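Notes to accompany the following structure.
Bear in mind these aren't lab numbers, they're just calculated from the coordinates by the rules spelled out. Predicted model only: the values in this text are computed from it and were never measured. Quick reminder, even Gly has a Cβ in these numbers, built from the backbone with ideal geometry, and neighbours come from all protein chains shown.
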Amino acid sequence: MASQKRDYYEVLSVSKDCTMTEIKQSYRKLARQYHPDVNNGHPEAEKKFKEISEAYAVLSNEEKRRQYDQYGFNRNLFEDINFDSVFSEFGFGDIFNMFFGGGFSGGTRGRRQSRGSDISAETEIEFKESAFGIKKELRYSVDSICDECNGKGSKSEGGIVTCSVCHGSGQVRVRRDTFIGSIITTVTCDSCNGTGSIIKDPCKKCSGKGYFRDKKIIKIDIPAGIHNGDRLKVSGKGNSRGSYSVPGDLIVTIRVKPHPSFKRDEDNVLFNINISFAQAALGCKFEVDTLDGREEINIKPGTQPGTKITFKSRGFVALNGYRRGDFIINVNIKIPTNLSHEEIELLKRYADGREEIVGDGSTGFFSNIKNAFKK
């Protein structure tokens, strides 16, 4: 989750004022150390490699780097980032060949490790839950590694044979002639789809794919201060493509239900109250609901329309922060539209005492004035 991530500059061991060249150099160096093929698929190395690749994907993009420097891990930082572009620039097989010179002809060490696709999901939370955070249960469908064949795709060990095209590497070299000469690149083997193997005795449960459609239930930590439409990434909870793949990620979009009375303005909460003319003139006390429960407010005598009453630090916690916004009450004075005869007389006496010119309190009085101007 975002709150558990290390700073991207720390991940790549660079300073915050580093150049793009320094970022690329650091990424290449760390990729040599933590690439899964170099570490025989060790889970910790794989996790580290994904972490540095994610950091590079953000910091190598000028606009995303600017957003990260300003806001940190929030507000759709991962939107529009194509992480596959990182692996195409420093691809799994290409990195391996770049570091060790290529030329591997067999075994699983040189096999291209594919990545499963990401999954998009949504979950809805209450307004107050978005203010303070919540642990939310999420149900979703995902391609999981087949438990019958352990993701290999074959129901027997003898049912898997080495691909005769790539000789088990999962990759083939392709020569392209350009105006500057011949260029040799490494691409995924079409015959085995990068697995390095051909399934001759497919598993019945997964039909030889190594994965099957599954239903899962997980709990995700939704941080305090989350906004409607924000997305959270749960690493490694996306689709799998079998035992030789890295699972994709689960991208969860957060939908915040509107509150009947509260409105969010950045990290502040806005709330409107209506009071009568008499309450505004003479003052009063009453209780209102806030994010933290019931609070008593004091309307001072002579309160004017549009007066704001502020409860400091009673609003939203800043996303990935600790400071809270304010709870701001906007005071509206409600003018009655239907007055009784006694009320009209009392107001006339009030107006006479202040030497104010008023009507007789009936709609007919104003209609007569309006008609007089029409003549």
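Some notes on this structure:
- Per-residue HN-Hα couplings for segment 62-70 [Karplus 6.51, -1.76, 1.60; θ = phi - 60°; Hz; x = Gly/Pro]: 4, 5, 5, 5, 4, 4, 5, 4, 8
- Per the Debye calculation on segment 313-364 with a single equal scatterer at every Cα and no solvent contribution, log₁₀ I(q)/I(0) for q = 0.29, 0.32 Å⁻¹ amounts to -1.09, -1.18.
- Here the Karplus curve 6.51 cos²θ - 1.76 cosθ + 1.60, taken at θ = phi - 60°, turns the phi angles of segment 228-236 into couplings of 4, x, 5, 10, 10, 9, 9, 5, x Hz, with x standing for Gly and Pro.
- Set Lys152/Lys216; Lys64/Lys136; Lys219/Lys312; Lys233/Lys312; Lys135/Lys215; Lys136/Lys285 screened for pairs whose C-alpha atoms are more than 30 Å apart: Lys219/Lys312; Lys233/Lys312; Lys136/Lys285
- Tensor-based shape of segment 259-335 (alpha-carbon gyration tensor, a/c under 1.5 rounded, otherwise prolate or oblate): prolate
- Farthest toward the positive end of the dipole of segment 259-335, out of Val288, Leu270, Val331, is the Cα of Val331, where the dipole comes from beta carbon charges about the Cα centre.
- Shape call, segment 135-253: gyration tensor on alpha carbons, a/c limit 1.5: oblate
- Magnitude of the charge dipole for segment 129-209, about its Cα centre and with charges confined to Cβ atoms of Lys, Arg (+1) and Asp, Glu (-1), is about 60 debye.
- Computed from backbone phi, the HN-Hα couplings of segment 340-357 come to 6, 4, 5, 5, 4, 5, 5, 5, 5, 4, 4, 5, 4, x, 9, 6, 9, 8 Hz, rounded to whole numbers (Karplus: 6.51 cos²θ - 1.76 cosθ + 1.60, θ = phi - 60°; Gly and Pro given as x).
- Dipole size of segment 259-335 about its Cα centre, with +1 on Lys/Arg Cβ and -1 on Asp/Glu Cβ: approximately 140 debye, rounded to the nearest 20.
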